[in-house]
Amino acid sequence: MRYLSTRGQSPAVDLSAAIRQGLAPDGGLYVPQAWPAFSVEALAPEASLEQIAAALLRHFAGDDPLAAAATAVAGDAFGFPAQVRALSSDLGILELFHGPTAAFKDFGASFLAASLSRIQGVTGPRMLILVATSGDTGGAVAAAFHGKPGIDVAVLYPKGLVSPLQERQLTCWGGNVRAFSVRGTFDDCQRIVKAAFDHGALADRFHLCSANSINIGRLVPQMTYFAQSSLQAWRQRGEKLSFVVPSGNLGHATACVWARRLGFPIGEIVLAHNANKTVLDYYETGEWRPRASVHTLASAMDVGDPSNAERLHHMYPSVESLRQALAVGAVDDDAIRARIRRGFEEYGEIWCPHTATAAEIYARRKLHGASPGPWAIVATAHPAKFAEIVEPLIGRPIAMPAALESVMERAGAATEINAELAELEAAFA
Ligand SMILES: *Cc1c(COP(=O)(O)O)cnc(C)c1O
């Protein structure tokens, strides 16, 4: 199987190269050149996440050497579960926060780490993963790559602008993971990372590699739990499972669309956005107008110019075709707060603000006649990560999952730098 850039100006590459490069040379995102048939029926009825991940990787790798390592990569990457908990006969919560940093990004990051360490091999040049983070992505990447031979990680975060828990998740690793506390904003961090990639000599010298959500190595693992949960629903009741997906950069939603495209029994897919409603406005006006992000309670989805939109536009070029494929909703902070309260009152559920965004959009659709059949609300983060928002709303403390507690017990260390590429470079001299 080969991969092309959404912008059509780069040569086709195999999966290893697409993962290694992250972004295509023309600035586009890698997408499959064709969609060869995937045999969903060949999967055992009780296939585990690991088995589904290996099958998907073999399919997407084709004759790429990663195919031979598929079982090992999947085994390395899927050390934690994704589980659906039923709330009622036609509604479940797909919990994706049982990994090391208690958010769904652990799936993509650990699979990418497992793949890249195979691609790097034992003799290849040392790679440097450079990642700018506003909080969550960096933690997942650091946890996933910590201790991987042949690979270093540099995480850049804005000094004083991430929560104490997030900062600890970025700084507690040591070894091959270095944290940089940048005197500036998240945009400054992103600018430095982008400047490093654009600086050809530097990119070559350090064998830079990107781990952000444009990397196709994060999409493949994100398909697995949509695949598994939809297969389970199909087996139990012969109906397609529909999903409400909390969305920011649209990587998660793209993975869900790809899983449906491969033939998994997925019904409707609904994108759940916070006040950053670029996609909803596109549906309403027909004009794609990216903008600056606004800050909301569901901060991991504060994206005004979603990078994976380029993959969705490539698949569904007209607004009409996209509307047919995906539904979309957007809610403000007041609605998120109200839904966190109601989730607790009605179901005894404690939701993070991202999950509550999806729950609110599900509730509104149900009121207006959501399509029949089973639905799953995707829960993207553990509420304890957002305790300062959630606890006052539900009026009680939230227990920390063990993974987060152990991170809080470790000491943290970061190198403080000004928002300049030269200072980052000097730190590696
Ligand atoms: C990143 C993130 C999202 C959004 O996922 P995208 O793939 O960027 O759309 C939602 N919830 C949480 C908790 C996240 O960390």
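Values for this structure:
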item	result
Cα gyration tensor shape for region 307-429, rounded if a/c is under 1.5, else prolate or oblate	oblate
Value of relative contact order over region 348-408, rounded to a whole percent, pairs C-alpha under 8 Å and six or more apart	41
Cα→Cβ-extended label distance, 7 Å offset, between residue 261 and residue 26, nm	1.7
Burial ordering of 185, 285, 355, 278, fewest other beta-carbon atoms within 10 Å first	285, 185, 278, 355
The chain: antiparallel DSSP beta bridges as a percent of all, rounded to 5	25
Shape of region 70-194, Cα gyration tensor, a/c cut at 1.5	oblate
R0 of 25 Å, Cβ-Cβ distance residue 398-residue 86: FRET efficiency to nearest 0.05	0.70
Two-site FRET efficiency, residue 426 against residue 46, from Cβ-Cβ distance with R₀ of 51 Å, rounded to 0.05	0.40
GNM top mover of 89, 48, 230 - the chain, alpha-carbon springs below 10 Å	89
Proximal lysines to residue 366, defined as alpha-carbon separation beneath 29 angstrom and excluding residues fewer than eight positions away on the same chain	105, 240, 277, 385
Protection proxy ranking of 358-364, 238-244, 40-46 - average other beta-carbon atoms within 10 Å, highest first	358-364, 238-244, 40-46
Overall form of the chain per C-alpha gyration tensor (a/c, 1.5; a/b vs b/c)	rounded
Over region 1-73, relative contact order from alpha-carbon pairs under 8 Å, at least 6 apart, %	32
Inter-part distance where region 349-366 and region 165-179 are each reduced to a Cα centre, Å	31
Positive minus negative residues near residue 175 (Lys, Arg vs Asp, Glu; Cβ under 13 Å)	+2
Over region 188-309, relative contact order from alpha-carbon pairs under 8 Å, at least 6 apart, %	23
Extension gain from residue 72 to residue 314, taking 0.36 nm per residue of separation minus the Cα-Cα distance	83.9 nm
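Quick note: the coordinates plus some simple rules give every number you see, no bench work behind them. For clarity, every value in this text was computed on a predicted model and none was experimentally measured. Heads up, the Cβs are rebuilt from the backbone with ideal geometry, glycines too, and the neighbour counts pull from every protein chain shown.
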